[in-house]
Amino acid sequence: MAPKDAMKRMKAEHNKKRKLQITTDPTPRKTVSNHAPSLECKCSMQIKIFCGANNLFYLSKNSSLNHCHHPPLKSKAILCGESNMETGDIDILTLLFSVNVSPSQISQIMEQLKGPEAGTFMPKRVYDMNKKTEELHDFAYGLLPDSNDAEKTLSKLQRSNINHFYILHDNTGLYACSKGCPTNEEMRIRLDCSAKIQADLERLKEDYILNKKSQMLVMISMATDEMIRLVAMYPDVWFMDTTAGM
């Protein structure tokens, strides 16, 4: 145990630090709070509740809901959301997400565009805003939030009029589906596959925990009009998928 003199010195230093904290200006940060420097600077907000004779609680008339003498928050402490953005800002956010810009980079770009006094754009809020915008766009085209990635991909390809070819498997067999050149109509042709391929497809469904009656997108290939034009002009040009197995 420390001697009495040492205890007195420690107590005096603690009281000195406490006085310094009280006399300094209150900080605007929400995570740190200090006592008001005087009674005149104290917030008048106070809620008084008492229990009556009937064992019910009542709010006293002496309560006050008025706040005062609170220091203003710094702009960095103000979190911005969708309500703080204009229509043009949301269009910029959607455009940045479409080119695979990360949410942290988007938040920095928005802070530079809006200025430091506009507040802080958190990456998580930016991601949530873009997710909400995508869900509204999908809902406008008949896609529900529980739609899988295959349905969303095919719907976006059809809306963008991109020529595509995909292979679909269901409980009746394997089908080749295409939309685009040369007829620009949707076509569906049944493919003959061996018993081994059929067994492999069934095993894939079990691995992905899919219902046997559900449809599974096995393969998809797409080609834009620009790609078709280049291949028609220069037959030695080839486009191929280099992401297989990644």
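Every number here is computed from the coordinates shown, using simple stated rules; none is lab data. On a predicted model such as this, the values are computed, not experimentally measured, just so you know. Ideal geometry is used to build each Cβ from the backbone, glycine not excepted, and the neighbour counts take in all protein chains shown.
Please state the Cα pair-distance histogram of the stretch 149-233 with 5 angstrom bins from zero: what percent is in each bin?
Reading the bins upward from 0: 3, 13, 22, 21, 16, 12, 8, 4, 1, 0.
Less than 17 Å apart at the alpha-carbon level, and either on another chain or at least 8 residues along: which aspartates and glutamates does that give for Lys213?
Glu151, Asp170, Asp200, Glu202
Would you give the gap between the C-alpha center of the stretch 102-148 and the C-alpha center of the stretch 220-235, rounded to a whole Å?
33 Å
Normalised by the number of residues in the stretch 101-173, what is the relative contact order in percent for Cα pairs under 8 Å and 6+ residues apart?
Working: 28 pairs, mean separation 13.2, N = 73.
Here the relative contact order equals 18 percent.
Got a sec to turn the phi values of the stretch 211-226 into Karplus ³J(HN,Hα) couplings, 6.51 cos²θ - 1.76 cosθ + 1.60 with θ = phi - 60°, whole Hz, x for Gly and Pro?
Couplings: 5, 5, 8, 7, 8, 10, 7, 8, 8, 9, 9, 9, 8, 7, 4, 5 Hz.
What distance in nm separates the simple spin-label points at Asn55 and Ser214, each placed 7 Å from Cα in the Cβ direction?
5.5 nm
Sorted by mean Cβ packing within 10 Å, highest first, what order do the peptides 211-219, 113-121 take?
Details: 211-219: 12.7, 113-121: 15.0.
Those peptides, ordered most packed to least, come out 113-121, 211-219.
Counting Lys +1, Arg +1, Asp -1, Glu -1, what net charge surrounds Cys177 among other residues with beta carbon under 12 Å of its beta carbon? Show your work: numbers first, answer last.
Values: positive: Lys179, Arg188, Arg190; negative: Asp170, Glu185, Glu186.
So the surrounding residues net to 0.
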